[in-house]
1. With the checklist (1) in contact with a Cys (Cβ under 6 Å, 6 or more places away or on another chain); (2) more than 20 Å from G17 (Cα to Cα) in hand, flag the one item D65 doesn't pass.
2. Before we move on, is N125 among the polar types (S, T, N, Q), open to solvent by less than 30 Å² (accessible area, probe 1.4 Å) and without any contact (Cβ under 8 Å) to a residue 24 or more places away in the chain?
3. Please indicate, with yes or no, whether at least one residue in the range 144-165 is farther than 24 Å from C72 by Cβ, open to solvent by less than 80 Å² (accessible area, probe 1.4 Å) and free of Cβ contacts under 8 Å to residues at least 24 places away in the same chain.
4. Picking from A131, A136, which residue would you name as being within 30 Å of D71 (Cβ to Cβ) and out of contact with any Gly (no Cβ under 7 Å at 6 or more places or on another chain)?
5. Which residues, taken from the range 128-143, are crowded, with 20+ Cβ neighbours inside 10 Å and closer than 13 Å to M215 by Cβ?
6. Look through the range 20-60, keep the residues that are within 19 Å of L202 (Cα to Cα) and in contact (Cβ under 8 Å) with a residue 40 or more places away in the chain, and return whichever of them is most open to solvent (accessible area, probe 1.4 Å).
7. Evaluate the following for Y106: is it among the hydroxyl-bearing types (S, T, Y), over 23 Å from A47 (Cβ atoms) and in contact (Cβ under 8 Å) with a residue 40 or more places away in the chain?
Amino acid sequence: MSGIAIVTGGSRGIGRGIAEALLAGGWKVWTCSRHSQGSADGAQHRAVDVRDQGKVETFVKEVLDVEGRIDCLVNNAGLGHFGPVDEISGDQFREVIETNLNGCFYFLRAVAPAMKKQGAGWIINIASLAAKNPFAGGSAYNASKFGLLGMSEAAMLDLRPHGIRVAAIMPGSVATEFGGGTGEGSWKLQAADIASMVVHLLSYPDNALPSRIEMRPSRPPK
């Protein structure tokens, strides 16, 4: 399968890896991030703050005006602020929720009408194992990912009658700047591993929907 894809947070890390894998598979890819630089070669890139619903809708409209359709949305943009619940600031908490959860909702809501008209589409939300495993210092991040998983599964039920498949990929430790280190020799998952899962999902037959995918490093330190 190939078509038109949007990848949020597509300038680096997991998002860039997903964009590169889709491009290699013949997809036309539009990426966005808060910054205007750093996109994968061959992608159309725009500076979009996913916390701004108006800017999200403007970006999606541009893609539709140019391409005429959107076949896949990968909600990947995310960030984290960590610390004890009584020490993390209100601004930090809001930034995590508004980016990791609200931003995904804004994009999902913006693309759904076009996908309904098409009678088909994929929405893939990059969640985290932190969506079901709380950890000390993770009040904001856990809240955002728990919420994203719940929203993904409710959206799946809302949209599958229209031919739209919604899935959440839940990686564990990933070797990116966000995940605390890069390198092919790392025991952690690589961005390419998550990208491979996205490509794998898009190849599924129309009658199948893997809606929650957990991914872990196969050989973590003892």
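1. All conditions are met except number (1).
2. Here the answer is no, as N125 does not meet what is asked.
3. No, every residue in the range 144-165 fails to be farther than 24 Å from C72 by Cβ, open to solvent by less than 80 Å² (accessible area, probe 1.4 Å) and free of Cβ contacts under 8 Å to residues at least 24 places away in the same chain.
4. Only one candidate passes the filter, namely A131.
5. Within the range 128-143, S128, A130, A131 meet the criteria.
6. Taking the range 20-60 as the starting set, the residues that turn out to be within 19 Å of L202 (Cα to Cα) are 20-31, 43.
In the following step, the residues that additionally are in contact (Cβ under 8 Å) with a residue 40 or more places away in the chain were identified as 20-22, 25, 27.
Working: E20: 88, A21: 32, L22: 2, G25: 49, W27: 16 Å².
Looking at residues that are within 19 Å of L202 (Cα to Cα) and in contact (Cβ under 8 Å) with a residue 40 or more places away in the chain, I get E20.
7. For Y106, the condition - among the hydroxyl-bearing types (S, T, Y), over 23 Å from A47 (Cβ atoms) and in contact (Cβ under 8 Å) with a residue 40 or more places away in the chain - is not met.
Residue by residue, here is whether (1) touching a His at 6+ places or on another chain (Cβ under 7 Å); (2) part of a strand (DSSP E or B); (3) not polar (S, T, N, Q) holds:
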| residue | (1), (2), (3) |
| --- | --- |
| I6 | no, yes, yes |
| R16 | no, no, yes |
| T31 | yes, yes, no |
| A40 | no, no, yes |
| H45 | no, yes, yes |
| D49 | no, no, yes |
| G54 | no, no, yes |
| F59 | no, no, yes |
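The values are calculated or read from the model by the stated rules, or taken from the named source; none is laboratory data. Note that the structure is a prediction, hence the values are computed from the model and not measured. Neighbour counts are summed over all protein chains in view; Cβ atoms, including those assigned to glycine, are modelled from backbone coordinates with ideal geometry. We work out accessible area using only protein heavy atoms, side chains counted, and drop any ligands, DNA or RNA first. Shrake-Rupley method; radii C 1.70, N 1.55, O 1.52, S 1.80 Å.
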